[in-house]
Structures are given as C-alpha cells and as structure tokens.
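Every number in this text was worked out from the coordinates using simple rules, so none of it is lab data. Only a predicted model underlies this, so the values are computations on that prediction, with no experimental measurement involved. Note that each Cβ is placed from the backbone with ideal geometry, even for glycine, and that neighbours are counted across all protein chains shown.
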Amino acid sequence: MGSFLNVTLFRYLPGTDHSPRYETFEVPESKQMAILDVLTYIQKHLDRSLTFRYSCRIGMCGSCALFINGRSRLACRTLVDGLGTKDIHIRPLPNLPVIKDLTVDLTPFFDKYEKIKPYFIAKEDREDFYRVPEGAKERILVDKMLECITCGACFSSCTMVTTNPFYLGPAALNRAFCLIADKRDGAGAKRLRLVNGPEGVWRCHGQFNCMEVCPKKIIPTWSIQQLKKRCVFKKWMGIG
Amino acid sequence: MKQTMENKIGNWNAIAWLLQRLTAVGLLLFLGIHFWLLHYRHPGEVITYDSVLMRLRFQPLLLADLGLLIFGLFHALNGLQAIIQDYGFGAGGKRGLGWILLLLGLVMGLLGGFALWQTF
C-alpha cells in the first residue's frame, strides 16, 4: 500500500464563512508529485469546491504561487519530495486579500506595479533600432532581473509590504530598475522620481526575503540598492 | 519639472540614507575612541569627575566626544524616523513626526553640546 500525504488547506469564503478554517485531506503520494498535482487531486476526488489558480504548470506564468510549508512558492515547481515531510500546509499568499480559499486578489500588487510605468517608452529622438549585443555590459546588468513572472511571491514575503500598505514592493521596484537601466528607454528620469518617494526604494531595508522566495532566482534587493544609488547620485549620473 | 511634495520627501530620504551610512562609519571611529579612552587605555582605572574634566579640556578629545554626540543623535533619530515611516503612517503624520524628531535632536544636541562646552 502506497504512502499518503497529510495536506492541510486554508479554506475561506469571505462574506459567507464566519472565519477562515483549515481542512486536512489524505492524498495518495505518487512519484515526482508536485504540490499542484496534490491540489488537483483534492479538487478532482475529494472536494470540488476547493479554489486555487494555475495555468501553465511549468513555472512560466506565476499563477500558482502559494504559501506552502512556511514560504511562498510556485505550486507547479514545488515537489513533495523536496519538502522533506508528508505534512503539507498550504495557505494563500500573505499580504493580499483572499477571494476564496487559496485564491487571492492581486489588484494591490498590480496597482503598485502599474505606478512605476512598467512598459518600455522609446526615446523620442531615436529614428532607428537600438542594437544591444548579447554580451553587452548593459544587457548583463539587467538580464536576470528581466525574468520576473509577477507571481507575487516576493511581494507576499516582504515584511515592509506587511507593515506599510503604501510601499511599492520588490517586484515593482525591480521592474523599474530594469527599465531605468535600459538606455533605450526614454522615461528613466520620470521613473526615478516615481521610486524616489517615501513609499519607494527607501522602505527597503535589505532583508532579502524577496530573494529567498523568488522562483526565478531574481534579487530584487540588489535592484533596489542600485535604484537607491541612482537616487542619491542622480545629479552626477545625469539622470533626473 | 516641478517637484512634488513626494519628490521633496524622497530627496530628503536620499540624503538621509547617505548620511545614515556616513554617520555609521563615523560612529565606529568615535565609539572606538570613546571606549578606548574610558575602558581600555587604563583597564581598571576608576573614573572620577576630575579625570573626565582633565580629558575634556584637551580639545581633540572634546571634539571626539562632540562628534560622538552629533553623529549618535543623528543616526538614532534618523533610524527612528525610518522605522516610523516603515509603518506607513499618513503623510501628514509622518512629516509632523519628522519635525518632532528634528526638534528633539536639536534640543538634545544643544544640551549635550552645552554640557561638553562647560567642561572646556
């Protein structure tokens, strides 16, 4: 007889349930099982009312970020074997309002993301394509930081986001740095002013929670430190 | 481009961030001098009022203590302001607290500076 996992899930429907509760399910373990497999098994065989998000199932979309055994992770990329225990606790991402069960409202996250104008704005004086060779220093500077899939894991792990609801958060600031560091972008000075506010880069105290949980191994703290340097020395760097 | 209040606060945050690091380095120096003089130069020495007066009459050491006072006050109160801002108090409240801390720093700095000056 195969082994079983004890899976404890956060259950809550605001407006209907008086308060959140935890329910435990027994799930048969299989080889190379991911947390997403556990959740789809529960939904298919044990409780069809369980609500959670997923999409690509290969760690590219960021939809399935959850708080699994004490930290934010992607459900599709977290293997049961990797947790080292048969007791699995799954909660929705912290710092975000719950819609139902494991599904959160990402509006606060994306509202802050939008504040820094997260899209490329071309320089007006350029008439031709700006070529950036693959090995160029300026490309290498932001290469890793471009991998962000906006899963919200960093945002949910940031203690500054928890204590200060106005703080932009690591994902937004990381994106701002990617664009500010891009020589082709024409809104660097404007973005630097946006992140130079009291709810911007100055709320980061370098705790590195974001780096620890990022499924793409991005270091938002590093990006934020670069932004701080640019804010301080902008006169000498010709920005803003 | 006309600066908003957010930008002005942000620019002060930028200066404060830099000064927090500079004062941290300065504090290492001034605290080092302070501890060496009081505890390590003559271990076991009983510190008397007269010996402190003698020390503070020596201008470089007075300046070192003054530096410790100013750098310590700034570092502590700026750090406190950062913590208060971390808890997301409303903008008006934050500015009010900032002015209170500045006033507190000035008062304590003047009192401490006056006390040191009296010994000189």
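What to note about this one:
- Degrees separating the helix B:91-119 axis from the principal Cα axis of chain B, which is the longest one: 20 degrees
- DSSP-loop GluC sites (Glu not before Pro) across the range A:82-134, with at most 15 other Cβ within 10 angstrom: A:Glu124, A:Glu127, A:Glu134
- Cα shape, the range B:5-117, gyration tensor, a/c 1.5 rule: prolate
- If only the Cβ of Lys and Arg carry +1 and only the Cβ of Asp and Glu carry -1, the dipole of the protein assembly as shown around its Cα centre is close to 860 debye.
- Prolate is the label for the protein assembly as shown, because a/c, from the alpha-carbon gyration tensor with a ≥ b ≥ c as root eigenvalues, is 1.5 or above and a/b exceeds b/c.
- Peptides A:227-234, A:42-49, B:14-21, B:38-45 ordered by packing proxy, namely the average of other Cβ atoms within 10 Å per residue, highest first: A:227-234, B:14-21, A:42-49, B:38-45.
- Percent of Cα-Cα distances greater than 21 Å, calculated over the range A:85-240: 47 percent
- Label-to-label distance, B:Phe35 versus B:Leu97, with points set 7 angstrom from Cα along the beta-carbon direction: 3.0 nm.
- Near A:Gly186, the amide H atoms lying under 5 Å from its own belong to A:Ile121, A:Ala122, A:Lys123; only residues 5 or more places off or on other chains count, and H is placed 1.01 Å from N.
- Among the trypsin sites (Lys or Arg not before Pro) in the range B:51-120, those placed in a DSSP loop whose Cβ has at most 15 other Cβ atoms within 10 Å are B:Arg57.
- Subtracting the Cα-Cα distance of B:Leu80 and B:Leu104 from their residue separation scaled by 0.36 nm leaves 7.4 nm.
- Residue mean of other protein chain beta carbons inside 10 Å, A:162-172: 2
- Comparing A:Gly135, A:His18, A:Val80 along the charge dipole axis of chain A, the residue lying farthest to the positive side is A:Gly135, per the Cβ-charge model.
- Which of A:Cys231, A:Ile180, A:Phe120, positive extreme of dipole for the range A:107-237 (C-beta unit charges): A:Cys231
- Net charge dipole, chain B: roughly 320 debye, given to the nearest 20, about the Cα centre with Cβ charges of +1 for Lys and Arg and -1 for Asp and Glu.
- Whole-angstrom gap from the range A:44-109 to the range B:30-85, using each part's C-alpha centre: 53 Å
- Counting Cβ atoms of other protein chains within 10 Å of each Cβ in B:14-25 and taking the mean gives 2.
- Loop-located chymotrypsin sites (Phe, Trp or Tyr not before Pro) across the range A:91-181 with a Cβ neighbour count of 14 or fewer within 10 Å are A:Tyr119, A:Phe120, A:Phe129, A:Tyr130, with loop assigned by DSSP.
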